[in-house]
1. Report the residue, chosen from 117, 89, 178, that carries the largest GNM mean-square fluctuation when the chain is represented by alpha-carbon nodes joined by springs under 10 Å.
2. For 1, 18, what ranking results if the residue with the fewest other Cβ atoms within 10 Å of its Cβ goes first?
3. Using the Karplus curve 6.51 cos²θ - 1.76 cosθ + 1.60 with θ = phi - 60°, what ³J(HN,Hα) values do you get for each residue of region 195-211, in whole Hz, with x for Gly and Pro?
4. 5 Å is the cut-off here: which amide hydrogens, built 1.01 Å from N in the peptide plane, fall below it relative to residue 164, excluding neighbours closer than 5 in sequence?
5. What relative contact order, as a whole-number percentage, does region 4-218 give when Cα pairs under 8 Å and 6 or more residues apart are counted?
6. Any number yet on Rg/Rh for region 88-191, C-alpha, Kirkwood?
7. Calculate for the chain the 222 nm mean residue ellipticity that helices alone would give, adding -39,500 (n - 2.57) per DSSP H run of length 4 or more and normalising by residue count, nearest 500 deg cm²/dmol.
8. Give me the net charge of residue 124's neighbourhood, meaning all other residues with Cβ under 10 Å from the Cβ of residue 124; Lys, Arg count +1, Asp, Glu -1.
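Any read-out appearing in this document is the output of simple, stated calculations on the displayed coordinates, not a laboratory observation. No experiment lies behind these values; they were computed from the predicted model shown. Quick reminder, even Gly has a Cβ in these numbers, built from the backbone with ideal geometry, and neighbours come from all protein chains shown.
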Amino acid sequence: MKDLAQVQAAVLAASKTMYKRGLVEGTAGNVSGRVGTDRVVVTPSSVGYEEMTLEDLVLVDLDGNTIEGSRSPTSEKALHLECYRAYPEVRGVVHCHATYASMFAAAQRPIPAGIDEFVIYIGGDVPCAEYRQSGSDELAAELAPHLQNRSAALMANHGMVCVGSSVEDALNSALIVEHNAEIMWGAELLGGVVALPEKAVTDFRNIYAFVRSDIWSTR
Ligand SMILES: [Zn+2]
């Protein structure tokens with residue numbers, strides 16, 4: 001299990017990669033990582049990713065109280081904390097506004113799992129939670145249940161949230177979801193996504209479920 005310094009380094013590195021890879025623009029999006037069982041390192045509100053340093057990160061408890069740091073935590077703090085409270089195996093959360101995934105979110109449509117390996121990594125199609133206002137406790141409560149057997153979910157008219165066994169794992173899921181969303185968007189233009197055979201989906205969902213329940217906690 002990673003200590004505080006390791007999680008802080010991972011959150012900062014993932015934030016900068018998220019920005020460089022174009023998953024967010026400006027100061028949008030946010031990243032967090034769990035330390036031990038009940039502390040979370042979160043990115044600050046309104047600090048640019050290129051100039052962000054370790055000192056800008058904020059350490060909070062699962063109730064959202066600041067333990068360490070002088071910045072205001074991200075405005076989506078409630079969303080991150082709800083994911084950690086709901087799922088003890090989750091150790092990293094990434095929220096971003098990646099273009100293709102956000103197109104599906106704006107259309108309030110799930111992103112289909114039209115590539116079979118996607119099911120192994122993400123758990124199946126990416127569901128779209130109902131619209132709730134950005135930064136609200138209601139958004140956190142609406143979204144978290146969608147992540148029970150998925151590593152990603154869409155927030156209607158907003159963007160996506162990914163969870164993982166680490167900060168790096170959550171970021172990797174965000175990149176996979178965005179890549180898949182672009183492919184599915186193109187497939188729609190070519191006449192529509194053809195569904196995978198049910199057996200493949202079931203088999204790969206089982207692999208995802210096994211990895212999440214038995215492997216995530218050992219990382
Ligand atoms: Zn957002």
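1. Highest fluctuation of the listed residues: 117.
2. On the way: 1 12, 18 25.
Listing 1, 18 from fewest to most nearby Cβ atoms yields 1, 18.
3. Each residue's phi maps through the Karplus curve to give 5, 5, x, 4, 4, 4, 4, 4, 4, 6, 5, 5, 5, 4, 4, 5, 4 Hz.
4. Those lying under 5 Å, H to H, from residue 164 are 91, 92, 170.
5. Details: 439 pairs, mean separation 44.4, N = 215.
This gives 21 percent for region 4-218.
6. Radius of gyration relative to Kirkwood radius: 0.95.
7. The helix-only estimate for the chain comes to -12000 deg cm²/dmol at 222 nm.
8. Numbers: positive: 150, 205; negative: 125.
For residues surrounding residue 124, the net value is +1.
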